[in-house]
Amino acid sequence: MKNTLRLAVCSNLRRDLILSLKAGRKPLSELRDLLGVSSTTAIHALRELERGKLICEDEDRNYALTKIGEIVALKLDEFIRAVEVLEKFERFWHEHDLSDIPLPLLQRIGELQNSKPLTGTPTDMFKLHTTSLQVLEQAKKVKGIYPIFNLEYLTAIEEAVMRRKIEVELIITNAVLESLIGIIETEKSFLELVHQPNFSLFATELDLKVALTLTDRVLYLGLFARDGLFDYNRALISDDTAALTWGRDLHEYYRQHAKLLEW
């Protein structure tokens, strides 16, 4: 195991060779040109990887990953993307509570590689709030995790469900549910909302520290600061396919820990 780790991560050239072969077998000349090294340098690294049983050479003198090499390449790619995400958004991760991002999804944090940070400014304090409402307004489908209550979000959800007839599935905490009950029972429009077939509301007993708005096109992720307060001034947003998959799996994880509400 130590030798495999050394071969895969302790040399930039060996690492790049492994990742280059992830897409399929290649001759020495293509690997050499792709990585910008001499044939002698490439051959030396390739021989080391062959001895480690991570690559093999076929009868046509093309190089390819072995089955072990394919697994190493996959994990190496995941690791590199995770490190890039952690470095790219270092302050965001460091200053927020990550305890409610489940371990399997923390291990896949690299899927958020093509996200962008959103930050409020002194001249535009409502930038994130406006953006999150725009995300809802442009959605054709919505999945959400809301550990915080905001009447404007509820109004936007009502408009999406009642007028645009899109499918909405929300997970809320019991604390948010308590805030909603009074409004639902006194406002006729909201009472109609919870009875719509395209609207599902789940409640969880967990005191969640992660907020998610996930549409057919956009992931919007908010977190609580380390002081226990929700950070309204910073979030991550992405329209990348991998990020959307990550968001769907996060929502599904907490849907399994929530109870469908029936009115």
Residue set Ser179, Ser189; condition touching a helix residue (DSSP H, G or I) at 6+ places or on another chain (Cβ under 7 Å) and within 19 Å of Leu136 (Cβ to Cβ); output residue Ser189
The residue from Leu133, Leu74 that alone is surrounded by fewer than 18 Cβ atoms within 10 Å (Cβ to Cβ), under 23 Å from Leu229 (Cα atoms) and of a type outside the set (Asp, Glu) is Leu133
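Scan Asp240, Asp207, Asp231 and give me the residue that is among the acidic types (Asp, Glu), farther than 11 Å from His96 by Cβ and in contact with a strand residue (DSSP E or B) (Cβ under 7 Å, 6 or more places away or on another chain).
Asp207
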Of the residues in the stretch 102-138, those that are small (Gly, Ala, Ser), under 18 Å from the mean Cα position of the chain (by Cα) and part of a loop (DSSP other than H, G, I, E, B) come to Ser115
Of (1) in a loop (DSSP other than H, G, I, E, B); (2) surrounded by 14 or more Cβ atoms within 10 Å (Cβ to Cβ); (3) touching a residue at least 24 places away in the same chain (Cβ under 8 Å), Gly69 fails just (1)
Of the listed residues (Leu244, Leu236), the one being surrounded by 14 or more Cβ atoms within 10 Å (Cβ to Cβ), under 13 Å from the mean Cα position of the chain (by Cα) and free of Cβ contacts under 8 Å to residues at least 40 places away in the same chain is Leu244
Considering the stretch 85-130, residues that are assigned by TED's automatic domain parsing to the domain that holds Arg226 and basic (Lys, Arg), and then whichever is nearest to Ser238 (Cα to Cα), we arrive at Lys116
A careful count of residues in the stretch 44-79 that are polar (S, T, N, Q) and under 30 Å from Pro104 (Cβ atoms) gives 1
Of (1) in contact with a strand residue (DSSP E or B) (Cβ under 8 Å, 6 or more places away or on another chain); (2) over 30 Å from Glu111 (Cα atoms); (3) among the hydroxyl-bearing types (Ser, Thr, Tyr), Thr41 fails just (1)
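The values are calculated or read from the model by the stated rules, or taken from the named source; none is laboratory data. Since we're looking at a predicted model, the values are computed, not measured. Every residue, glycine as well, gets a Cβ built from its backbone with ideal geometry; the counts of neighbours run over all protein chains shown.
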